[in-house]
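K.L.:
Structure in structure tokens, see below.
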Amino acid sequence: MTSNLDDPVELLRFGDEKTPIVISLNKFRGMRFIDIRRFYFDKISKSTKPTPKGIALKEDEFGVITNFLVSNMDSLRELFTSN
């Protein structure tokens, strides 16, 4: 995965083809962010475009969330599967 980090680097696209969630690495004002964003299908351009629904995380914020998810995976799984 090589790219000029001035351009977004798409890391993962999943979900519905017309309204996917896209995780990308972006750079803004010299800082890198992990961007997690919902996209929509634009009928005029026939392409997907980003919505305002998303979050851009700085490296340290992403680390905190990642550590939390990994450390609590079993509990979170149980919450998703419980009544």
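K.L.:
So which residues in the stretch 72-83 are surrounded by 10 or more Cβ atoms within 10 Å (Cβ to Cβ) and assigned to a loop (DSSP other than H, G, I, E, B)?
P.N.:
N72
K.L.:
Checking Y40 against (1) modelled with pLDDT of 95 or more; (2) open to solvent by 60 Å² or more (accessible area, probe 1.4 Å); (3) under 24 Å from T66 (Cβ atoms), only one condition comes out false. Which one?
P.N.:
So Y40 meets the others, but not (3).
K.L.:
Which pairs turn up if I take residues in the stretch 42-60 that are in contact (Cβ under 8 Å) with a residue 24 or more places away in the chain and over 12 Å from P20 (Cα atoms) and look for partners that are assigned to a strand (DSSP E or B) and open to solvent by 60 Å² or more (accessible area, probe 1.4 Å) with beta carbon separation below 7 Å, at least 6 apart in sequence or on another chain?
P.N.:
Sorted first by the residue in the stretch 42-60, then by its partner, the pairs are K58/M31; E59/R32.
K.L.:
Could you tell me whether the stretch 54-65 includes any residue that is part of a strand (DSSP E or B) and β-branched (V, I, T)?
P.N.:
Yes, the stretch 54-65 contains a residue that is part of a strand (DSSP E or B) and β-branched (V, I, T).
K.L.:
Still on this structure: Out of the stretch 19-74, which residues are touching a strand residue (DSSP E or B) at 6+ places or on another chain (Cβ under 7 Å) and of a type in the set (S, T, N, Q)?
P.N.:
Residues satisfying the conditions are T19, S24, N26, T48, T51.
K.L.:
Can you tell me which residues in the stretch 20-33 are in contact (Cβ under 8 Å) with a residue 24 or more places away in the chain and either open to solvent by less than 40 Å² (accessible area, probe 1.4 Å) or among the hydroxyl-bearing types (S, T, Y) (or both)?
P.N.:
Just the residues of the stretch 20-33 that are in contact (Cβ under 8 Å) with a residue 24 or more places away in the chain, to begin with: 20, 22, 26, 28, 31-33.
P20, V22, N26, F33 - these are the residues of the stretch 20-33 that are in contact (Cβ under 8 Å) with a residue 24 or more places away in the chain and either open to solvent by less than 40 Å² (accessible area, probe 1.4 Å) or among the hydroxyl-bearing types (S, T, Y) (or both).
K.L.:
For L69, all conditions in the list (1) surrounded by 11 or more Cβ atoms within 10 Å (Cβ to Cβ); (2) in contact with a Leu (Cβ under 8 Å, 6 or more places away or on another chain) hold save one; what is the number of the exception?
P.N.:
(1)
K.L.:
Give I65, I44 a once-over and let me know the one that is within 17 Å of the chain's Cα centre (by Cα) and not polar (S, T, N, Q). Break it down stepwise before answering.
P.N.:
On the way: I44 fails: within 17 Å of the chain's Cα centre (by Cα).
Step by step, each of I65, I44 is checked, and only I65 is within 17 Å of the chain's Cα centre (by Cα) and not polar (S, T, N, Q).
The values are calculated or read from the model by the stated rules, or taken from the named source; none is laboratory data. Since we're looking at a predicted model, the values are computed, not measured. Neighbour counts are summed over all protein chains in view; Cβ atoms, including those assigned to glycine, are modelled from backbone coordinates with ideal geometry. Heavy atoms of the whole protein, side chains included, go into the accessibility calculation; ligands, DNA and RNA do not. Shrake-Rupley method; radii C 1.70, N 1.55, O 1.52, S 1.80 Å.
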